[in-house]
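Please read the structure below before turning to the comments.
Coordinate-derived values only; no laboratory data. For clarity, every value in this text was computed on a predicted model and none was experimentally measured. Heads up, the Cβs are rebuilt from the backbone with ideal geometry, glycines too, and the neighbour counts pull from every protein chain shown.
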Ligand SMILES: [Zn+2]
């Protein structure tokens with residue numbers, strides 16, 4: 001049983017062959033693929049996909065750049081305009097209905113945009129954290145350059161059910177945060193060519209490691225389109241780094257997934 005806790009199967013790169021991508025994933029042994037939402041369109045599409053494909057588990061969220069779409073002049077690429085508060089309300093309605101497994105992705109981004117956007121990003125991030133708390137759902141966190149601030153906010157809300165997706169901050173800070181707060185970290189499929197991800201695979205508390213792809217991004221080999229079945233390679237790497245059998249590594253991550261997402265499947 002393999003799991004991909006962070007994917008974007010709603011991406012246009014999968015429009016032509018989604019059936020085959022999902023078939024390859026299930027044939028490789030994946031029993032759960034969490035698809036993460038970014039804005040209204042992907043959030044709604046994910047709910048549809050989950051009805052079509054039982055392996056897909058929906059997480060709805062607002063990407064930090066989409067969260068500030070009203071500040072288009074401060075964003076270096078075009079972002080579709082939408083009513084953020086209406087979307088927050090929609091996400092809460094789905095949380096209340098029990099139709100989602102997590103809130104995400106959500107968080108803070110200091111890579112594409114500057115400090116003048118941070119207050120607006122934090123407002124949306126905190127609103128989504130509060131929904132997660134009210135409905136006892138885990139959060140899937142995107143944070144770029146603002147890892148420390150995101151951790152401060154999460155700690156202030158005393159949330160424990162947290163997965164940092166594709167964490168690229170200091171490894172030491174991640175390991176300490178995992179030890180202190182019990183937060184999880186999902187490691188993407190390009191870890192074999194990334195020393196920092198290997199350090200996390202090796203040194204995070206073993207009960208707090210998860211696998212993800214962020215597909216179609218972050219492929220194992222540059223230039224490929226990534227897809228969920230590539231978590232298999234990350235489990236191989238985890239087993240090599242820890243001196244475990246592949247079965248042990250797979251079982252460990254599967255148990256971690258079940259614990260964080262409060263699910264048996
Ligand atoms: Zn993502």
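Once fully extended, how much extra length lies between residue 181 and residue 74, figured as 0.36 nm per residue of separation less the alpha-carbon to alpha-carbon distance? Before the final figure, lay out the partial values.
On the way: separation 107, 0.36 × 107 = 38.52 nm, distance 3.38 nm.
That pair, residue 181 and residue 74, stretches by 35.1 nm at full extension.
Determine, for 3, 55, 133, 124, the number of other Cβ atoms within 10 Å of each Cβ, and report the residues in order from fewest to most. Walk me through the numbers before you get to the answer.
On the way: 3 27, 55 19, 133 15, 124 23.
By the 10 Å Cβ count, ascending: 133, 55, 124, 3.
In whole percent, what relative contact order does the chain give with Cα contacts below 8 Å and a gap of six or more residues?
Working: 495 pairs, mean separation 51.8, N = 265.
It comes to 20 percent, rounded to a whole number.
With a 10 Å cut-off between alpha carbons and a GNM built on the chain, which of 182, 61, 16 moves the most?
Checking each option, the largest mean-square fluctuation is seen for 16.
Distance between Cα centroids, region 27-84 to region 122-137: provide it in whole Å.
Here the two parts' Cα centres lie 16 Å apart.
Taking the beta-carbon count within 10 Å as an exposure proxy, list 42, 186 from fewest neighbours to most.
Values: 42 20, 186 30.
Lowest count first: 42, 186.
Within 10 Å of each residue's Cβ, count the other Cβ atoms and sort 171, 245 from fewest upward. Please report the intermediate quantities before stating the final value.
On the way: 171 19, 245 10.
The order, fewest Cβ neighbours first, is 245, 171.
Given contacts defined as C-alpha pairs under 8 Å and at least six residues apart, what's the relative contact order of region 26-106, whole-number percent? Let's see the in-between values first.
Details: 107 pairs, mean separation 29.1, N = 81.
So the answer I get is 36 percent.
Calculate, for residue 224 and residue 259, the FRET efficiency according to 1/(1 + (r/R0)^6) with r their C-beta to C-beta distance and R0 35 Å; round to the nearest 0.05. Working shown, then result.
Working: r = 31 Å, r/R0 = 0.89.
Working from the Cβ atoms, E equals 0.65.
So what's the back-of-envelope 222 nm ellipticity for the chain, counting only DSSP H runs of four-plus at -39500 (n - 2.57) apiece and dividing by all residues, rounded to 500? Spell out each step's value before the answer.
Values: 9 runs with 112 residues, N = 265.
After summing the helix terms and dividing by the residues of the chain, the value is -13000 deg cm²/dmol.
Treat the chain as a sphere of radius equal to its Kirkwood radius over Cα pairs and apply Stokes-Einstein at 25 °C in a medium of 0.890 mPa s; give the translational diffusion coefficient in µm²/s, rounded to a whole number.
Working: Rh = 18.3 Å.
The Stokes-Einstein estimate is 134 µm²/s.
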